[in-house]
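One structure is given below, encoded as structure tokens.
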Amino acid sequence: MPRPVTKAELIKAASEGYDKLNRFISEMTEEQLQTPFDFSDDEKKKEAHWKRDKNLRDVLVHLYEWHMLLINWVSANESGETKPFLPQPYNWKTYGDMNVEFWKKHQNTSLDKAKLLLEKSHKDVMTLAEKFTNEQLFTKGVFKWVGGSTLGSYFISTTSSHYDWALKKLKAHVKNCLHNDSVQIAQKAK
């Protein structure tokens, strides 16, 4: 699906992406859910997040925390508090460190709790998106606090684009699990 350029497309992409992610998760086996993520054998997966996230919970709380960034940023700026999207001391060059802090913060969060947090934050983000007009979401300069981008681009980044990222990671994990199962079967057959 092309990147949304209207409110209707944003809502549709976010809803469909969220549903697709949840459908995929519901089809994961217990073994796939219990097996720690390990992408160390794939030289193409060099970004830090491939090493950071070790399980489904880590992926879900990452999505949740980015939803909360958006919600808190919009809420603060709408109430007159000038606040950047990324909290201090982070910026777009150091946000990876922020993601690690999110990861650390949730190491004692259960998978069930992570699912509930994400479900609520997704609904809250969708409700927030609904309150803006198409022009407010996709016209540059409407809100000074958004800077040179559009408000809609932040919604896309924290919803449909992030859901695609999560799905890609989960699919790679399931593929690894299936490959490892095949290797074990072949070794047993020897």
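Structure summary
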item	result
Filtered residue count, segment 114-143, keeping only those that are assigned to a helix (DSSP H, G or I) and either open to solvent by less than 40 Å² (accessible area, probe 1.4 Å) or under 26 Å from residue 59 (Cβ atoms) (or both)	18
Residue count, segment 60-87 (criterion: open to solvent by 30 Å² or more (accessible area, probe 1.4 Å) and of a type outside the set (Lys, Arg))	12
Extreme residue, surrounded by the most Cβ atoms within 10 Å (Cβ to Cβ), among residues of segment 33-57 that are touching a helix residue (DSSP H, G or I) at 6+ places or on another chain (Cβ under 6 Å) and without any contact (Cβ under 8 Å) to a residue 60 or more places away in the chain	57
Failed item, numbered, when residue 5 is tested on (1) at pLDDT below 95; (2) not in a helix (DSSP H, G or I)	(1)
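Yes/no per residue for (1) more than 28 Å from residue 39 (Cβ to Cβ); (2) free of Cβ contacts under 8 Å to residues at least 60 places away in the same chain:
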{"site": "74", "(1), (2)": "yes, no"}
{"site": "141", "(1), (2)": "yes, yes"}
{"site": "149", "(1), (2)": "yes, yes"}
{"site": "173", "(1), (2)": "no, no"}
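The rows are residues; the columns are (1) open to solvent by less than 90 Å² (accessible area, probe 1.4 Å); (2) in contact (Cβ under 8 Å) with a residue 40 or more places away in the chain; (3) on the phi > 0 side of the Ramachandran plot; (4) part of a helix (DSSP H, G or I).
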site	(1), (2), (3), (4)
89	no, no, no, no
92	no, no, no, no
112	no, no, no, yes
145	yes, yes, no, yes
155	yes, yes, no, yes
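The values are calculated or read from the model by the stated rules, or taken from the named source; none is laboratory data. Treat the numbers as computed from the prediction; the structure is a model and nothing was measured. Virtual Cβ from ideal backbone geometry, glycine too; neighbours counted across all protein chains shown. Surface areas here come from the heavy atoms of the whole protein model, side chains and all, with no ligands, DNA or RNA. Shrake-Rupley method; radii C 1.70, N 1.55, O 1.52, S 1.80 Å.
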